[in-house]
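Notes follow the structure.
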Amino acid sequence: MRCCFPERRAWFTDWYDESRTWSEVPPGFRSWAEIEDRAASLRAWSPGIVHGLLQTEDYARALLATSPGVTDETVASRLSARMERQRRVIMRDTPLAAWFVVDEMALYRLVGSAGIMTGQMRQLAAVAS
């Protein structure tokens, strides 16, 4: 299918097709870790869900499992990558200044179960403090 964005010579379709084969970190973001490791500040938002850097392991697992056709192995791999990114970026020895905009709907949207959401809300409060 090459009909999307013809003025862009179908770059989006090519990108989308490639993205369906990613198991962990998209190729375009693989060098991003080096930049994040050197960053002094971070600003992020994620509409509709809690940003990945703030997610509890249970919340992230429940969210990752909703991807169509995802396998348990893929969920485990992506979850591991997400938790490692949190350790590198948020829980590092020299804390960076961070600003997160949390969409109000992310606080009301049930991801997994009420217990998972309770843990996620506690995580947000802990990170905010």
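At a glance:
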{"quantity": "Chain lengthening between D72 and E36 when straightened (0.36 nm per residue, less Cα-Cα)", "calculated": "10.2 nm"}
{"quantity": "Extension reserve of the E57-Y108 stretch, reckoned as 0.36 nm per residue once the Cα distance is removed", "calculated": "16.5 nm"}
{"quantity": "Net lengthening on full extension, D14/A128 (0.36 nm per residue, minus Cα-Cα)", "calculated": "37.1 nm"}
{"quantity": "Projected area averaged over orientations for segment 31-122, convex hull of C-alpha atoms, nm²", "calculated": "6.5"}
{"quantity": "Sparse-neighbourhood loop sites, trypsin sites (Lys or Arg not before Pro) in segment 32-129 - DSSP loop, at most 13 other Cβ within 10 angstrom", "calculated": "R92, R109"}
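Here, each number is a calculation from the coordinates, and none is a lab measurement. The structure displayed is predicted, hence computed values, not measured ones. When we count neighbours, we look across all protein chains shown, and the Cβ atoms used for this are built from the backbone with ideal geometry, even at glycine.
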